[in-house]
Amino acid sequence: MRRTDLFIKTRRQAPADEESKNAQLLIRAGFIHKDSAGVYALLPMGLSVAENIKRIVREEMNQNHASELLMTTLQRKELWEHTDRWDDAKVDVWFKSKLLNGTEVGMAWSHEEPITEMMKEFIASYRDLPSYVYQFQNKLRNEIRAKSGIMRAREFIMKDLYSYSRSQAEHEDFYNAMIQAYLRIFTKIGLGDTTFLTFASGGAFTQFSHEFQTICEAGEDIIYLDREQGIAINEEVLSDEVIAKTGLNKDKLEKLKGAEVGNIFSFGTHKSEQLGLYFTDEDGQQKPVVLGSYGIGITRLLGVLTEQLADDKGLVWPENVAPFTVYLASLGTEGEARNSADELYSALKDQGVSVLYDDRDERPGEKFADADLFGIPQRVVVSQKSLEAGGFELKSRTSTDTKIVSKAELLEILTKSLQG
Ligand code: ATP
Ligand code: MG
């Protein structure tokens with residue numbers, strides 16, 4: 001894409017009321033727009049990162065036999081009354097509204113109830129199971145604290161998957177497969193070394209749920225990590241009994257700040273029984289369906305990546321999620337350098353390299369600063385000087401070294417990185 005076609009404007013200052021590093025930087029770089037506290041719009045570059053994260057998540061969900069759908073934001077009060085979760089004293093993040101006829105409705109903060117209710121129309125026999133559905137959906141939560149930028153928003157994108165199984169054993173197989181899928185996802189996103197499976201509080205059915213916590217100063221959780229085993233315990237459930245139960249080494253637990261990027265739950269059959277989701281098994285018996293739910297904070301991940309990787313020059317994106325792979329800057333708007341840059345731009349596009357071509361009439365310093373601020377993994381500069389030295393100047397976002405490479409070399413390097 002040409003920079004002149006890209007809808008973006010960088011700014012020197014973040015809004016004065018923005019406290020968090022992630023939102024400050026993402027706003028300055030023109031990736032997001034702040035509407036109000038905890039409410040952010042994704043601008044093209046921010047959307048591109050979010051879509052890349054979604055693509056990675058989607059691939060793993062599909063691999064694990066799940067189907068994507070999209071539920072609604074407006075939800076029926078009766079459903080949530082049925083499971084005793086309509087009351088603000090039980091769920092303190094509800095946004096609620098009324099239809100013109102006075103009927104009360106809730107705004108989706110979760111979809112456990114509506115999806116399970118819907119499943120009653122689709123699940124009748126053991127042949128309809130197991131069933132796995134997921135979505136990327138905007139969740140609305142009336143969060144009290146909204147000081148962590150897009151890491152804790154009042155409106156945010158979540159991936160939520162719901163599993164419906166015939167037996168506890170069938171459920172557990174899927175649950176364990178999801179743990180592995182989540183670990184692969186965080187590795188692909190670039191957070192593999194710092195994200196850990198974490199024992200956290202469960203619910204009515206199980207003692208624990210599993211969170212995925214990324215070590216992060218801006219995170220709001222405290223975790224105790226056993227690095228050797230690569231598993232942590234959330235402070236909220238930490239006790240000698242839990243340490244013994246989880247088999248972690250008490251003497252080696254490190255106390256760290258974490259950001260919860262994912263959370264998976266086993267629900268047993270409680271909710272199915274409440275809502276009346278039953279199936280007929282092979283010998284004609286009616287049984288409640290075993291339920292699980294699996295969340296990932298898509299937009300929170302954008303914030304966590306920013307907090308973790310950004311440096312004093314700006315954003316830094318891992319290649320798999322970066323909005324573009326290459327920032328191509330031509331120095332000078334006419335002459336040989338410009339022609340070479342135009343040609344290189346076409347060649348890169350032809351090879352399927354995702355490239356942002358800064359074709360503006362701006363000072364070099366301005367272009368370099370933007371390449372850094374945007375966090376694009378590779379920068380290629382085409383100037384009279386580089387051409388005289390034999391080609392194009394290549395530099396990675398995280399290194400200070402530059403090297404001159406020929407067009408053929410450049411194409412090879414960049415298409416190779418494309419294949420991972
Ligand atoms: P938290 O403890 O941070 O409030 P939660 O346990 O309420 O999160 P879940 O209901 O488990 O969140 O939601 C699944 C995932 O959605 C979380 O693991 C997190 O990554 C993300 N998420 C939850 N709340 C928010 C929010 N307010 N803003 C952005 N992402 C969020
Ligand atoms: Mg959670």
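The values are calculated or read from the model by the stated rules, or taken from the named source; none is laboratory data. Nothing here was measured: the structure is a model prediction, and the numbers come from that model. With ideal geometry, Cβ positions are generated from the backbone for all residues, glycine too; neighbour counts draw on all protein chains shown. Please note that ligands, DNA and RNA were not included when accessible areas were found on the heavy atoms of the full protein model with its side chains. Shrake-Rupley method; radii C 1.70, N 1.55, O 1.52, S 1.80 Å.
The table for this structure:
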quantity: Hey, Phe174 open to solvent by 30 Å² or more (accessible area, probe 1.4 Å), hydrophobic (A, V, I, L, M, F, W, C) and within 30 Å of Met107 (Cβ to Cβ) or not; calculated: no
quantity: Residue within the range 233-250 that is within 16 Å of ligand 2 (Cβ to nearest atom), acidic (Asp, Glu) and more than 22 Å from Leu129 (Cβ to Cβ) present; calculated: yes
quantity: One residue from Leu315, Leu328, Leu394, Leu301 being open to solvent by less than 50 Å² (accessible area, probe 1.4 Å), farther than 23 Å from Gly46 by Cβ, modelled with pLDDT of 95 or more and not β-branched (Val, Ile, Thr); calculated: Leu394
quantity: Hey, Asp221 within 16 Å of ligand 2 (Cβ to nearest atom) and open to solvent by 30 Å² or more (accessible area, probe 1.4 Å) or not; calculated: yes
quantity: Tally of residues being in contact (Cβ under 8 Å) with a residue 24 or more places away in the chain and either not hydrophobic (A, V, I, L, M, F, W, C) or not in a helix (DSSP H, G or I) (or both) across the range 173-185; calculated: 3
quantity: The listed residue being farther than 25 Å from Glu260 by Cα and surrounded by fewer than 17 Cβ atoms within 10 Å (Cβ to Cβ), out of Leu74, Leu69, Leu79, Leu129; calculated: Leu74
quantity: Unmet requirement for Tyr40, which otherwise passes all of (1) outside any strand (DSSP E or B); (2) more than 30 Å from Ser330 (Cα to Cα); (3) open to solvent by less than 70 Å² (accessible area, probe 1.4 Å); calculated: (1)
quantity: Residue match in the range 201-209 (condition: more than 15 Å from ligand 2 (Cβ to nearest atom), touching a residue at least 60 places away in the same chain (Cβ under 8 Å) and surrounded by 15 or more Cβ atoms within 10 Å (Cβ to Cβ)); calculated: yes
quantity: Scope the range 186-203; condition aliphatic (A, V, I, L, M) and in a strand (DSSP E or B); matching residues; calculated: Leu197, Ala200
quantity: Boolean, Gly276 is surrounded by fewer than 19 Cβ atoms within 10 Å (Cβ to Cβ), within 24 Å of Asp160 (Cα to Cα) and in contact with a helix residue (DSSP H, G or I) (Cβ under 9 Å, 6 or more places away or on another chain); calculated: yes
quantity: Residues of the range 338-374 satisfying the condition of being part of a loop (DSSP other than H, G, I, E, B), within 12 Å of Leu414 (Cβ to Cβ) and in contact with a helix residue (DSSP H, G or I) (Cβ under 6 Å, 6 or more places away or on another chain); calculated: Gln351, Val353
